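Report on one structure; see the data block that follows.
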Amino acid sequence: MTNLSSGQVARMRLVSQGLVDPLPTAAEAARWLTCTQGQDYPGSTVSLALRSVGRSTAAVREAYDAGSIVRSWPMRGTLFAVAAEDLGWILDLTAGQTLKASERRREELGLDPGMLDRAQTVALHALAGPGLTRSGLLAQFTQEGLSVDEGRGYHLIFFLALRGVLCFGPTEGREQRIVLATEWIASGEAAGRMRDRTPRRKLDREDGVRELLWRYLRSHGPATVEDFCWWSKIGKTQARAALADLGPNLLSADVDGREHWMSPDLPDRHAERTRATAAPILLPGFDEIVLGYQDRSAVLTRDEEALVVPGRNGVFKGTVLHRGHAVGTWKKSTRRGQPVEVTAFGELPGPVAKAAPRLSAALPV
């Protein structure tokens, strides 16, 4: 077991997450991360663009339109961007727990089993073919006598997504259409005839947990088992069993007395790109560098996190990173000739202040 500092962890994660050496396409970036925080659709589009060679948000939208990636609630009751072929097996692992956790809220809203079945029948009919925007589907629910007020509409869509009935697919303007997952996500022979689509995978639970853990640690490492369990909501017992199977294929490191895991090639990849990991970078709010871990201390102190999420309202500001650690937040400027406004946590490091104009100009569009 090797020893790493928190600073080394922060910089190595830039490599493992594809922010230093981007993936060839947006679809491959989504597939590499497995699940990319996606409740902020524009922000998650930028996150994927930053991790792909073209750095193009248009290319991310094209991947949605091609059916290569979709958005749904595969984990934690949170929207994520995910490779289309991965959605089914991840839902098989996680949806049951999320449905159980949200059962009380559905009862409070009066969404009984009969109403949920009616909503599914409406969705199966209304979404066949090209699908509908969110407002269009809610209008169909209303027309069929299903109340969408007080969050009921959201919970109907959420429930049906967890059941694997629907997902967010192709783009329409600044939003996505909701489509039938079984139609949109190709399977079998159909996948071979459709550009950029891969057959839906089927994994049993043991294999699924092992696959999810392996993909998390190779794309988010160095990270702890506790990070993975928080990220996925997979129980520690199952995660530890999977880790025992994966152990020979992983590298462990001690970070302040806590065992972290990563792909065995990560130290060498980081050594080759050490200079690149020192460069300043702008990340959108809700980026996986911040939200992909239970322990965020490598990128943010507790005091700094309070400035990224003011009032702990669940809304994350975009962050400015230097050497992998956040040194401030940023937002688009309303002033002419000044693309972004940076709010430093303290004194802004010289390299960051000098690079700010170039960084803002280089943001994916």
If the requirement is being polar (S, T, N, Q), in contact with an Asp or Glu (Cβ under 6 Å, 6 or more places away or on another chain) and open to solvent by less than 40 Å² (accessible area, probe 1.4 Å), which of these qualifies: Ser68, Ser16?
Ser68
Give the number of residues within segment 5-29 that are among the aliphatic types (A, V, I, L, M) and over 13 Å from Val53 (Cα atoms).
5
Test: Arg61 is in a helix (DSSP H, G or I) and in contact with a strand residue (DSSP E or B) (Cβ under 6 Å, 6 or more places away or on another chain)
yes
Within segment 30-45, is even one residue farther than 21 Å from Gln294 by Cα, hydroxyl-bearing (Ser, Thr, Tyr), out of contact with any strand residue (DSSP E or B) (no Cβ under 9 Å at 6 or more places or on another chain) and in contact (Cβ under 8 Å) with a residue 60 or more places away in the chain?
no
Within segment 205-244, restricting attention to residues that are in contact (Cβ under 8 Å) with a residue 24 or more places away in the chain and assigned to a loop (DSSP other than H, G, I, E, B), which residue is most open to solvent (accessible area, probe 1.4 Å)?
Lys233
For segment 205-237 the number of residues that are modelled with pLDDT of 95 or more, more than 16 Å from the chain's Cα centre (by Cα) and charged (D, E, K, R) is 6
Apart from one, (1) in contact with a Ser or Thr (Cβ under 9 Å, 6 or more places away or on another chain); (2) open to solvent by 40 Å² or more (accessible area, probe 1.4 Å); (3) closer than 19 Å to Asp86 by Cα all hold for Arg177; the odd one out is (3)
Given the conditions (1) assigned to a helix (DSSP H, G or I); (2) at pLDDT below 95; (3) under 23 Å from Val82 (Cβ atoms), report the number of the one that Lys202 does not fulfil.
(1)
Could you go through segment 144-154 and let me know if any residue there is over 21 Å from Arg177 (Cα atoms), of a type in the set (D, E, K, R) and surrounded by fewer than 11 Cβ atoms within 10 Å (Cβ to Cβ).
no
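Looking for something closer than 25 Å to Gly173 by Cα and more than 14 Å from the chain's Cα centre (by Cα) - is there at least one such residue anywhere in segment 2-21? Let's see the steps before the verdict.
Filtering segment 2-21 down to residues closer than 25 Å to Gly173 by Cα leaves none.
Within segment 2-21, none of the residues are closer than 25 Å to Gly173 by Cα and more than 14 Å from the chain's Cα centre (by Cα).
Being among the charged types (D, E, K, R), farther than 21 Å from Arg215 by Cβ and exposed (fewer than 15 other Cβ atoms within 10 Å of the Cβ): is that true of Asp254 here? I'd like the intermediate steps shown before the answer.
On the way: among the charged types (D, E, K, R): yes; farther than 21 Å from Arg215 by Cβ: yes; exposed (fewer than 15 other Cβ atoms within 10 Å of the Cβ): yes.
When the stated conditions are applied, Asp254 passes them.
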Residues located in segment 290-322, provided they are touching a helix residue (DSSP H, G or I) at 6+ places or on another chain (Cβ under 6 Å), over 18 Å from Gln37 (Cα atoms) and surrounded by fewer than 17 Cβ atoms within 10 Å (Cβ to Cβ):
none
Residues located in segment 9-38, provided they are in a loop (DSSP other than H, G, I, E, B) and either of a type in the set (D, E, K, R) or on the phi < 0 side of the Ramachandran plot (or both):
Gln17, Leu19, Val20, Asp21, Pro22, Pro24, Thr25, Cys35, Gly38
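The values are calculated or read from the model by the stated rules, or taken from the named source; none is laboratory data. Being a predicted model, the structure only gives us computed values, none of them experimental. Here the Cβ is made from the backbone with ideal geometry for all residues, glycine too, and neighbour counts use every protein chain on show. For accessibility, only protein heavy atoms count, side chains too; no ligands or nucleic acids. Shrake-Rupley method; radii C 1.70, N 1.55, O 1.52, S 1.80 Å.
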